[in-house]
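First the structure, in the form of structure tokens, and then the observations on it.
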Amino acid sequence: MHVRPRWTALLALATSSLLLTACGGGSDSASGSDKPSGSGAKKDKGAPSVPAYITADQAQQALVALGDLPSGWKLEPNTGLDKSEGGEDQINTPSKPECAPITMILNTGRLVEDHKANAEVVFTKKGDQTTVAQDVSGYPRAEAQKAMAGLRTAVDKCAVFSAKESGKKATVKVKKAAQQPTYGDESITYAVTVVSGDMQMDFDLGTVRSHGAITTVLNNYSDHGDRGKEAFGKALAKAATKLTAAAAKTA
């Protein structure tokens, strides 16, 4: 009999990964050019610079709030998805290299390790073992597009693969959702099941890109209580709207 515990690492204190300061925060603006010779010549101020990626503040603005969810949920303060710092229950060593985006998201909430800005939030259903969590990360647009292409390949080609969870062999199953809402510049929704020994962990996920910003919303549910589908659907739609607004003035 499989036991479906809540993905407890989601609720481990992760203050250090809750908000990472943006590296650089935007493009450097060029200084004004020298005034051309000749009487009456005008100084060329140049076009205003456009930030290459979202800032840390904009990543925060793209997070779902408690009021965006149905009633019965609570915010888990000072918590995040990222298990990369000392986490013993990471899912590593996928048997197929193209499946790495799936394990990366389950371990950190992100598709790319070298993000420029990051923010995360975690909610739980009161009296239940259901978790809805969100990651927002900023990258240069070309890097974000490449990351999304890799995720699409993984969802399409990694229906079943093996990995290691807490050092033990695990089987990971991935399924693209039948319904694919359109969000941001591109989006994909999918489900992931991880079976390790007598434990089974189930996730609904949706990943959205707008410009160079990417958000993933995750729903981790148990055998008992509400699966959290209503909250997951509302969170994903709200996350996409907020991400699009946050990234609107970036390259």
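Only one of the numbered conditions (1) closer than 26 Å to Lys74 by Cα; (2) over 15 Å from the mean Cα position of the chain (by Cα) is violated by Lys96, and that is (1). Confirm whether Ala149 is hydrophobic (A, V, I, L, M, F, W, C) and more than 17 Å from the chain's Cα centre (by Cα). Here the answer is no, as Ala149 does not meet what is asked.
Counting the residues of the stretch 175-184 that are surrounded by fewer than 21 Cβ atoms within 10 Å (Cβ to Cβ) and either in contact (Cβ under 8 Å) with a residue 40 or more places away in the chain or of a type in the set (Gly, Ala, Ser) (or both) gives 4.
When the stretch 128-143 is filtered for residues that are over 23 Å from Gly233 (Cα atoms) and aliphatic (A, V, I, L, M), only Ala142 remains. Give me the pairs: first residue in the stretch 224-240 and on the phi > 0 side of the Ramachandran plot, second residue part of a loop (DSSP other than H, G, I, E, B) and among the small types (Gly, Ala, Ser), beta-carbon distance under 9 Å, and six or more apart or on different chains, which are they? That search, which allows pairs on different chains as well, returns Gly225/Gly127. Once the stretch 192-248 is narrowed to residues that are modelled with pLDDT of 95 or more and of a type in the set (Lys, Arg), the residue that is surrounded by the most Cβ atoms within 10 Å (Cβ to Cβ) is Arg209. Looking for whichever is touching a helix residue (DSSP H, G or I) at 6+ places or on another chain (Cβ under 8 Å) and at pLDDT below 90 here; the options are Asp68, Asp44, Asp89. Which one fits? Among Asp68, Asp44, Asp89, only Asp89 is touching a helix residue (DSSP H, G or I) at 6+ places or on another chain (Cβ under 8 Å) and at pLDDT below 90.
The values are calculated or read from the model by the stated rules, or taken from the named source; none is laboratory data. Please read these numbers as outputs of a predicted model, since none were measured by experiment. Positions of Cβ are generated from backbone atoms using ideal geometry, with glycine treated the same way; all protein chains shown enter the neighbour counts.
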